1. Residues of the stretch 319-362 being away from the ligand (no atom under 16 Å from the Cβ), in a strand (DSSP E or B) and among the charged types (D, E, K, R), which ones?
2. Can you tell me which of Arg379, Arg375 is away from the ligand (no atom under 16 Å from the Cβ), among the charged types (D, E, K, R) and assigned to a strand (DSSP E or B)?
3. If a residue has to be farther than 16 Å from Arg665 by Cβ and either crowded, with 17+ Cβ neighbours inside 10 Å or in contact with a strand residue (DSSP E or B) (Cβ under 7 Å, 6 or more places away or on another chain) (or both) to count, how many in the stretch 720-751 make the cut?
4. Tell me whether the stretch 168-176 contains one or more residues that are modelled with pLDDT of 95 or more and within 15 Å of the ligand (Cβ to nearest atom).
5. Please go through (1) under 23 Å from Val633 (Cα atoms); (2) touching a helix residue (DSSP H, G or I) at 6+ places or on another chain (Cβ under 7 Å) for Ala718 and return the number of the only condition it doesn't satisfy.
6. Name the residues in the stretch 723-743 that are within 25 Å of Pro609 (Cβ to Cβ) and either without any contact (Cβ under 8 Å) to a residue 40 or more places away in the chain or not hydrophobic (A, V, I, L, M, F, W, C) (or both), would you?
7. When Asp229 is evaluated against the numbered criteria (1) out of contact with any strand residue (DSSP E or B) (no Cβ under 7 Å at 6 or more places or on another chain); (2) more than 16 Å from the ligand (Cβ to nearest atom); (3) not small (Gly, Ala, Ser), which criterion, by number, is the only one it fails?
8. If Pro539 meets every condition in (1) more than 22 Å from Gln772 (Cβ to Cβ); (2) assigned to a loop (DSSP other than H, G, I, E, B) apart from one, which number is that one?
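The values are calculated or read from the model by the stated rules, or taken from the named source; none is laboratory data. Fair warning: this is a prediction, and the values are worked out from it, not measured in the lab. Neighbour counts run over all protein chains shown; Cβ positions are idealised from the backbone, glycine included.
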Amino acid sequence: MLRPQVLLFALAITVAPAPPGAAQQPRRTPPARRRPPPVTAHRIPTPRSILGFEPGDDRKLADWPTLVRYYQALASASDRMRYHELGHSTLGAPLIALVISSPQNLRGLDRYRELNAKLADPRGFKTARESEDVLRDGKAVVLITSGIHSTEVGGHLTPAVLAYRLASDTGLATRTILDNVILWLVPSLNPDGVSIVTRWYNRTVGTAAEGTDPPEPYHHYTGHDNNRDWYAFTQIETQVVVDSIHNVWHPQIVHDIHQQDTDGSRLFLPPYLDPIEPNVDPLLVDGVNALGTAMAWALAGQGKPGIVINAVYDAWTPARAYQHYHGGVRILSEAASANLASPIDIPFDHLATRARGFNPRERSWNFTNPWPGGRWTLRDIVSYQTDAAYALLESAARYRDIWLANFLTVEERGVHGWRGWPYAYVIPRQQRDTVGLATLLGILHRGQVEIRTALHPVTLAGQRYAAGSYVVVLRQPYAAFAKTLLEPQHYPDLRLYPAGPPLPPYDVTAHTLPLLMGVTAVPARDSLRIGLSAPVEPPATTPAYSGVAGPEGPRIGLYRSYDASMDEGWTRWVFDTWHVPYVSVVDSVVRAGKLAAQFTVIILPDQAPDELLNGLPHEYPAPYAGGLGADGVKALRQFVQDGGTLVALNDASRFAAEQLLLPVRNVLAGVADDEFYAPGSIFRLELDTAAPLARGMPAQSVAWYEGGPAFEALDSSAVRVIGRYPTDADKVLLSGWVLHPERIAGKAALVEVKQGSGRVVLFGFRPQYRGQSIATYPLLFNSLQLTAQ
Ligand SMILES: [Zn+2]
C-alpha cells in the first residue's frame, strides 16, 4: 500500500477532474474461463481441515499458530515440500519457510544450492564448459514472500492456497513447475502482525470498528516501514530472511505479495514506472518487464479484469528491492483491498478517476480490461494473488534456462564493473563516528559485499589515507549494492507536465549511507595500484548511549498515538537499541496532566498535527478514539511551563509550534509543491556547536528532510537557532531531490524555544530516520538532557 505521507501527495494530485469522456460505461466482463479442476492426491490436508474455513471466506482470518500448524501438516504429508524454521520474529513467533520442488529435486537440494551459488559468483568458473554445465543442470530459484504488511490480509491466506495447490495438483503445469523450480515460500515476513491484525479484526467484527486498522503498529517497531528495511537490515525479520534465504539461495526471482487501496486497479503487476534506480542492471529491468507482463497476460487469459501494469510503483529505492542489487528481479503484486476480511461494494463510478500511470475507469494499453465495479471480497484477493503467483512459477519453469543464463550475465557484469563507475571506495579506518562506521560496513557485509583493507597508504586527490583503510572494489558480484549505498543520489526532475508540479516519487529519494551515518567514503576513479588484503569482517559495535541512565538521568516519556505512527516505532527501536530508558505515554496519560511530576522530557514523534490532535475516529472503541485533544494540549503547555522539555520531531513540530503558540514562523506553511519540494532527501545542516543541544556534533552535518517545517525566529530572546540550512541555496541538497531550495536557504532546521520554566525543541527534520541517520542521533539524545543542566 501507499505509505501514508506519500498517499497525501498522491491524493492531492488525483482529485483533478477527469477529462471529458474519460469515464466510459463499464462493459460486461466475459465469464471467467476456469482451469480444469486439478487432479489431487487425497491424503494432502486441505487448508479447511486445519484452519476450519476456506481461505477467502468472508470475515475469516487465521492466527499465526494455526497457519504454522497447517504448513507443518502439509510438509509432513507431501514429499514435495519441506518445512523450515528460519528464526524468530521481534515478538518471538516462529519465522518459517517451505521449500517446494519435485521429490527428486528436494533429495538433491544441497547440490542445487551449490550450483546456484556458482552462478552467483562466476569468479569460480575456470572454463566456459564449467558454467555451461551449471546452466544445464541448475534449477530456477524463486522466493515468494507474503504478509509483510499485515493489514493486507489476503497475504495471510494466499500462501496456504498456493502451497496446497503445489502439494496436491498432479497436472502437467504443476509437475513442470516442480521439476524446474526450487521455490522458497515465506508465508509471512511479519508473523507478529498476523496475530495483531487477526486479534483486532476478531475483536471488532460486527462492531462499528469492523474492518479498521488496529490501534498499534502491525510490526512492533516499524509498522508499514518494515518493507523499507531491505538495505539497512535493522529488524530481525529482515536479517533472518536475508541471511538464510537470499544470501544462501540467491533467487533469480523474488515475488512479494501485497495489497493496495480499494478503488484502483484489481491487481498491479510490473513493469514499474520510471525512475528505475540507475545501478540496477538493465537486464534485471528487462526481466521484471517480461515476467510481470507475462503474469498479467496469463491472468487476463483466465478472464480476470482490472489488471494494470506500469503504474503507481517506481523502482528507485533499494529499501524495498534487495534482489535488484543481487542478480534477481523483484516482482511486486498489489491486489485491491477489501476492509480487512470484510467485503466491500464499489460501484464503477466510485473508482478513482486518476492514478499514477492510468485511469481505473478507462481502458488503456497498460490497463486493457477495466473492472466493472461491484462486490470485492477476500476471496477475490486470494484468487488474484494465488493465480498470479502460479503464473509466475509457470513462467519461471518455462524459461528456466533464460533465467539462469541472465542471472550469470548480471553477476559477470558486476565482476567486470561498468564503464563510468569508480574503481573503488576508500573508507578511512579513523572516523568521527565509530558506530556509524561499523554499521555502514556491517550493512555492506550483510549484503555480501567484499570489504578489503589497503596494505599501503593511498593518496586520492592529494589526500593521503593510511594503510589499513577499508576498500570496497566495485568489481565484484554485488558491486551495485555497494555503489548505490555509497554514492549521492541524483533523483530526476520529474513533473506532471512541463514546468508543472513535481511528480511525486513512490518513496523517498536518497539512501547515501556515508552521509546518514557520518562516515567519510571517498571514490577512487582508477585502480589504486596497491596491494589489498583478503576480504575482512567489519568491526563489531555495541550501540549504547550512557548519558541518560541511572536515577539522576532524565525521565523520558515517548508519546504513543493509537493512530499508529511509524516514527514512534522507529524512535522506540532506536531507544531500545541504544539502551535509552523511556516510558510510552498514551492519550489518557497526557490528558490527565501533572506531567512534570512524572517526566522531565516528552517526545512527540513525527506525525501529522491533525492525527496528534484528533487521533482515531469515533468508530474505534475506548480508549482508542480521539487524540491528545484540547486537554492534552493544555497538559503539554503546562508541562513546559513547569520546566519540562517538549521535543517535537518533524511534522509534530508544526503541531507544537501552533498549539503552544511558539514565537516561530514556518516559512513553508501554505507553500505548494511546485514552489518547494523535497520528498525524502539529505540536506546540509550547519550547527551552533556551542549549544548544549549540538554537543559533540561537527559544525557541518546532515538533516534527513521529509516534508517538515523550516523556521524563522520571531522573538530572538526566546528562540535559539541550533541548526540551519546553508544560506547558499546551491549547497542545501546533498543527496536526493529538491525543488526551489532557496525557499529554505538560511532558515532554521532545529530550534530551542524557551517558554515558562521549560523549553520546546523543534526538529524540522527526522533525526533518527528509519534507524539510519546515525549522524544526527546525538542531537536527539542531547535533547533528552537539556533540563538536567
Ligand atoms: Zn503492502
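1. Answer for the stretch 319-362, where residues must be away from the ligand (no atom under 16 Å from the Cβ), in a strand (DSSP E or B) and among the charged types (D, E, K, R): just Asp345.
2. Arg375
3. 13
4. no
5. (2)
6. Gly723, Arg724, Tyr725, Gly736, His740, Pro741, Arg743
7. Condition not satisfied by Asp229: (2).
8. The one condition Pro539 does not meet is (1).
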